[in-house]
């Protein structure tokens, strides 16, 4: 591969990463705005119920909106995790500081960090733990080889 191809490939990778980061940050901000709107709607619904003569159970009023809030919060959390992964970072389990993936201890609180297993390690562990029927041994070996090849790439 000549130098021009290497530079082009690296530039494309960086541009793709920057674009993905921007999309994730935009998604997070949009979901935060939706959450803020839902809070306002919930507050209005609860207050309107408060001033009514025939009050309705608050659970009935807020259940659907709370489920929507849960969904939006989960989407924000997933986007944050993906952002961390893109930047080779992770979050400390104790103080939630953003730290480097290879850090063994959190620089902020000193908490020992456990290394998460790779997809390959998890799959290999499942293969070893499962009972493989004699007629499926060949298939299991093929899967293991494919996992090893994928891990090496």
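If you check residue 56 against the conditions, is it over 30 Å from residue 115 (Cα atoms) and in a helix (DSSP H, G or I)? Spelling it out, it is not the case that residue 56 is over 30 Å from residue 115 (Cα atoms) and in a helix (DSSP H, G or I).
When the residues of segment 44-62 are filtered to those that are free of Cβ contacts under 8 Å to residues at least 12 places away in the same chain and surrounded by 11 or more Cβ atoms within 10 Å (Cβ to Cβ), the one that is farthest from residue 24 (Cα to Cα) is 56.
Only one of 22, 15 is in the same structural domain as residue 71 (by TED's automatic domain parsing), in a helix (DSSP H, G or I) and under 14 Å from residue 83 (Cβ atoms); which? None of the other options fit; the residue is 22.
The values are calculated or read from the model by the stated rules, or taken from the named source; none is laboratory data. Source: prediction; values computed, not measured. Cβ atoms come from the backbone with ideal geometry, glycine included; neighbour counts cover every protein chain shown.
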